[in-house]
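As structure tokens, the structure follows; a few thoughts come after it.
The values are calculated or read from the model by the stated rules, or taken from the named source; none is laboratory data. Since this is a predicted model, take the numbers as computed values, not measurements. So basically every Cβ, Gly included, is an ideal-geometry build from the backbone, and we count neighbours across all protein chains shown. These area figures cover heavy atoms from the full protein model, side chains too; ligands, DNA and RNA do not enter into them. Shrake-Rupley method; radii C 1.70, N 1.55, O 1.52, S 1.80 Å.
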There are 2 protein chains.
Amino acid sequence: MAVSDLAVVGAGPIGLAVAWRAARRGLAVTMYDPEPDDSGAWYAAAGILAPVSEETVGEPELTGLLVDSAASWPAFAAELEAATGLDIGYRAEGTLVVALTAGDRAEVLRLRDHQTGLGLPARQQTAAELRAREPSLAPRPHGGVYSSGDRQVNPRRMVVALRAACRSAGVVVEHTRVTDLADLPAARVVVAAGCGSAALTGLPVRPVKGQVLRLRSPGREAPGLRHVVRGYTDGRAVYVVPRLDGEVVVGATMEERTDHLATAGAVLELLGAATALVPELTDYELTEVCVRHRPATPDSAPILGPLPGQPRVVVATGHHQNGILLTPLTADLVVRALVEPVPPARFETFGPARFGVPAVTRGSG
Amino acid sequence: MAVSDLAVVGAGPIGLAVAWRAARRGLAVTMYDPEPDDSGAWYAAAGILAPVSEETVGEPELTGLLVDSAASWPAFAAELEAATGLDIGYRAEGTLVVALTAGDRAEVLRLRDHQTGLGLPARQQTAAELRAREPSLAPRPHGGVYSSGDRQVNPRRMVVALRAACRSAGVVVEHTRVTDLADLPAARVVVAAGCGSAALTGLPVRPVKGQVLRLRSPGREAPGLRHVVRGYTDGRAVYVVPRLDGEVVVGATMEERTDHLATAGAVLELLGAATALVPELTDYELTEVCVRHRPATPDSAPILGPLPGQPRVVVATGHHQNGILLTPLTADLVVRALVEPVPPARFETFGPARFGVPAVTRGSG
């Protein structure tokens with residue numbers, strides 16, 4: 001077996017982007033993935049590129065990471081589309097955050113304050129302004145916020161493009177399951193194996209089940225909805241993401257479960273909230289209930305950096321709900337660590353050492 | 001091409017039962033069906049064998065037909081299972097009709113009065129009695145009715161068994177699409193082509209779209225629910241049919257539409273009503289949204305009898321929501337008409353002539 005400069009374990013967006021960027025920097029890269037199909041969290045992801053959400057209020061370092069990665073998305077999208085000639089569904093209409101009930105209004109305004117505090121564009125909207133911007137919204141929202149800097153991408157198209165970019169850049173793909181990092185014939189190793197990273201590294205990455213629906217407009221024309229809508233209805237959060245090809249993504253549940261079942265309760269909750277926000281969705285076709293597991297960590301931030309005591313192995317995993325948004329910055333940080341002498345400062349904050357030295361059972365580094 | 005005694009057009013339950021019964025009476029039978037797979041209404045059907053429903057109150061002749069066919073089901077099921085050795089999911093637990101709100105109670109009691117007026121067993125139930133009989137029901141139903149004479153069958157298993165019975169009885173199957181009845185090399189013809197009967201006969205059979213869900217209990221054990229439950233929640237009717245293998249069928253929409261789209265609105269409505277009736281369904285897997293079209297007629301009764309001016313052709317179609325329930329009696333009436341000199345009296349009531357002489361464009365009879 002030839003020894004490569006870099007072995008990347010996992011071929012989701014993070015692994016693909018690392019492999020692509022590393023190959024472009026001149027490294028000989030081999031990717032390993034036993035399921036190169038669609039088993040990763042990215043296959044469910046809606047692809048909302050919004051750095052501020054209810055979950056990250058009070059997490060300044062994670063927020064900074066998300067904001068910086070969001071800022072690098074326009075160049076990343078342009079470069080990927082230019083390298084491949086493929087459309088990745090990148091759009092910059094911004095997000096509407098909508099409160100459907102009076103009780104939801106406080107939550108929406110708290111988010112607005114957080115955004116403006118970070119210097120991000122977020123304009124409060126009256127019901128009339130929301131409806132003028134998006135006529136297919138429910139008749140009487142209780143106000144909301146327009147975040148003009150938010151964007152979206154289609155993760156499924158993004159992965160197709162990243163695969164093509166990797167091929168063009170000379171990345172070799174091995175369809176084998178890696179069980180021991182010590183087996184890999186490579187000078188350096190990047191572990192970007194999502195939920196599978198736990199078994200490979202001993203790090204505390206756990207699966208968080210998400211159920212996501214895909215609807216399709218009758219006739220397959222573009223939906224009436226143009227913006228990504230993040231709605232709150234009676235305290236429940238739901239997002240509705242329209243695509244130009246007629247698809248609408250509705251998500252997502254957050255469940256501490258490992259099963260793969262699409263449940264009646266999740267479909268009911270998501271459809272109920274989505275049609276309350278955008279009534280015309282009632283007439284849309286339900287084409288898919290997608291169940292995947294996000295790789296989550298104890299503090300909900302990703303794990304980025306070399307494994308303690310194993311400088312050969314760099315980890316890029318645990319991105320939880322933020323894998324798509326964090327793809328460009330993660331790839332940049334990891335590839336810089338591979339080719340430059342000084343590791344990125346953010347590896348201090350997000351490195352594996354914050355969870356102590358993992359009890360690795362295999363792999364010598 | 002050999003000339004057979006009987007050509008049966010359509011291989012749904014009605015066509016299959018006619019072919020089976022006719023072959024057992026000694027006729028040489030050929031069946032024609034271009035889609036012998038699962039495109040018929042039966043594939044969506046829940047298989048509730050309950051002769052009285054809200055739709056047939058005030059329709060004494062149709063009600064009589066339904067009551068008589070329900071009475072012939074036990075013998076039909078036993079004969080089909082004995083002939084094939086196959087389990088068709090026939091069960092006799094009875095139906096619980098449940099009012100979830102105070103406003104639904106009147107509807108439920110009206111149905112009870114109609115049943116007892118026909119001499120059918122229907123006992124009013126308090127909320128406590130309903131819950132004692134079926135502990136997984138919602139905590140506070142507003143009363144209901146126990147119809148101990150109702151039964152259920154699994155239509156998909158029934159079709160598998162009928163196909164086997166036809167094979168054993170020597171029925172020949174031709175997988176071709178019939179476009180002109182005059183082409184059929186047979187002494188007699190039975191048209192049991194569901195929605196396709198309109199084009200073949202000129203009769204007013206129109207498709208009524210139905211969307212039906214299939215859920216599955218986690219772990220695939222038998223559901224907590226034992227009885228068929230027909231529920232009313234805020235005026236919406238829904239049925240919930242448990243199977244011993246863990247499947248639960250939830251239906252059904254009734255839409256004057258010809259498309260095949262599984263819509264968000266239908267799934268939302270069915271899941272909302274079903275989980276309101278039986279809360280544990282929230283945790284069930286949603287395994288299928290099935291869309292099919294019932295063959296309906298202007299008066300919602302089936303069309304049974306020879307085509308006016310074409311005594312060679314007997315029609316057995318337009319069964320709308322009652323195809324499974326009416327299968328045994330329909331087959332009996334049609335086969336008697338084929339082998340006995342005097343046509344059944346019910347052909348007067350349900351014959352095609354009630355719609356005038358159809359403007360047949362093809363077929364000489």
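Antiparallel beta bridges, as assigned by DSSP with both residues in chain A, represent about 65 percent of the total such bridges.
Protection proxy ranking of B:58-66, B:290-298, B:87-95, by the mean of other Cβ atoms within 10 Å over each peptide's residues and highest first, is B:290-298, B:87-95, B:58-66.
Plainly put, the tip 7 Å out from Cα toward Cβ on B:Ala199 is 5.2 nm from that tip on each other copy, the closest given first. If you wrap the Cα atoms of the protein assembly as shown in a convex hull and average its projected area over all directions, you get 37.3 nm². Electrostatic bookkeeping for B:Val29 treats Lys and Arg as +1 and Asp and Glu as -1; over the other residues with beta carbon under 14 Å from its beta carbon, the sum is +3.
Think of the protein assembly as shown as having a plus end and a minus end, set by charges on the Cβ of Lys, Arg, Asp and Glu; of B:Met31, A:Val191, A:Val342, B:Met31 sits farthest toward the positive end of this dipole.
Label points for A:Pro341 are taken 7 Å from Cα along Cα→Cβ. From this copy to the others they lie 11.3 nm apart, shortest first.
For the pair B:His175 and A:Thr179, label points projected 7 Å from Cα toward Cβ lie 4.3 nm apart. The charge dipole of the protein assembly as shown, taken about the Cα centre with unit charges on the Cβ atoms of Lys, Arg (+1) and Asp, Glu (-1), comes to about 260 debye, rounded to the nearest 20. Of the beta bridges in the protein assembly as shown, as assigned by DSSP with both residues counted there, near 65 percent are antiparallel.
Can you list the chymotrypsin sites (Phe, Trp or Tyr not before Pro) in the range B:1-83 that are in a DSSP coil and have 15 or fewer other beta carbons within 10 angstrom? Numbers along the way, then the final one.
Details: sites: B:Trp20, B:Tyr32, B:Trp42, B:Tyr43, B:Phe76; in loops: none.
When the chymotrypsin sites (Phe, Trp or Tyr not before Pro) of the range B:1-83 are filtered for loop state and at most 15 Cβ neighbours within 10 Å, nothing remains.
Residues with beta-carbon under 10 Å from that of B:Asn322, excluding B:Asn322: net charge, scoring Lys, Arg +1 and Asp, Glu -1?
Residues close to B:Asn322 contribute a combined charge of 0.
Gain on full extension, evaluated as 0.36 nm per residue between A:Ala78 and A:Asp234 minus their Cα-Cα distance, stands at 52.3 nm. Heavy-atom accessible surface of the range B:1-65, averaged per residue, reaches 36 Å², computed with a 1.4 Å probe.
In this assembly of identical copies, the label point of A:His175 (Cα plus 7 Å along Cα-to-Cβ) is separated from its counterparts by 2.9 nm, sorted shortest first. Could you tell me which residue out of B:Ala71, B:Pro298, B:Met254 lies farthest along the dipole of chain B toward its positive end? Charges go on the beta carbon: Lys and Arg +1, Asp and Glu -1, centred on the Cα centre. Value: B:Ala71. Counting other Cβ atoms within 10 Å of each Cβ, which GluC sites (Glu not before Pro) in the range A:208-274 have at most 13 and sit in a DSSP loop? In loop regions of the range A:208-274 (DSSP not H, G, I, E or B), the sparsely surrounded GluC sites (Glu not before Pro) are A:Glu221, A:Glu256.
Among B:Pro242, B:Pro51, B:Pro121, the largest mean-square fluctuation in a Gaussian network model of chain B, built with springs joining Cα atoms closer than 10 Å, belongs to B:Pro121. Ranking A:Asp259, A:Asp245 from most to least accessible surface, computed with a 1.4 Å probe over the protein chains only, gives A:Asp245, A:Asp259. Per-residue mean of foreign Cβ neighbours for B:278-287 is 5 (Cβ atoms of other chains, 10 Å radius). Counted by Cβ distance under 13 Å from A:Pro223, the other residues give a net charge of -2, where Lys and Arg count +1 and Asp and Glu count -1. The orientation-averaged projection of the convex hull spanning the C-alpha atoms of the range A:259-365 amounts to 10.0 square nanometres.
Compare B:Thr201, A:Thr101, B:Thr126 by solvent-accessible area with a 1.4 Å probe and give them largest first, with all protein chains kept in place.
Working: B:Thr201 0, A:Thr101 35, B:Thr126 75 Å².
In descending accessible area the options line up as B:Thr126, A:Thr101, B:Thr201.
Using a simple spin-label model with pseudo-atoms 7 Å out from Cα toward Cβ, A:Ala222 and A:Thr258 lie 4.5 nm apart. Taking chain A as a Gaussian network of alpha-carbon nodes connected by springs under 10 Å, the highest mean-square fluctuation of the residues A:Pro343, A:Pro155, A:Pro302 belongs to A:Pro343.
Taking Cα centre as origin and charging only the Cβ of basic (Lys, Arg, +1) and acidic (Asp, Glu, -1) residues, the dipole magnitude of the range A:230-365 rounds to 780 debye. For chain B, the pair-distance distribution built from all alpha carbon pairs, in bins 20 Å wide starting at 0, is 30, 57, 13, 0 percent.
If R0 is 60 Å, what FRET efficiency do you get for B:Asp299 and A:Arg206 from their C-beta distance, rounded to 0.05?
0.50
A Cβ-based charge dipole, computed about the Cα centre of chain B with Lys and Arg at +1 and Asp and Glu at -1, lands at about 360 debye. Within the assembled protein chains, the solvent-accessible surface assigned to A:Phe355 is about 60 Å², based on a 1.4 Å probe. Taking every DSSP helix (H) stretch of at least 4 residues in chain A, weighting each as -39,500 (n - 2.57) and dividing the sum by the residue count yields a mean residue ellipticity at 222 nm of -9500 deg cm²/dmol.
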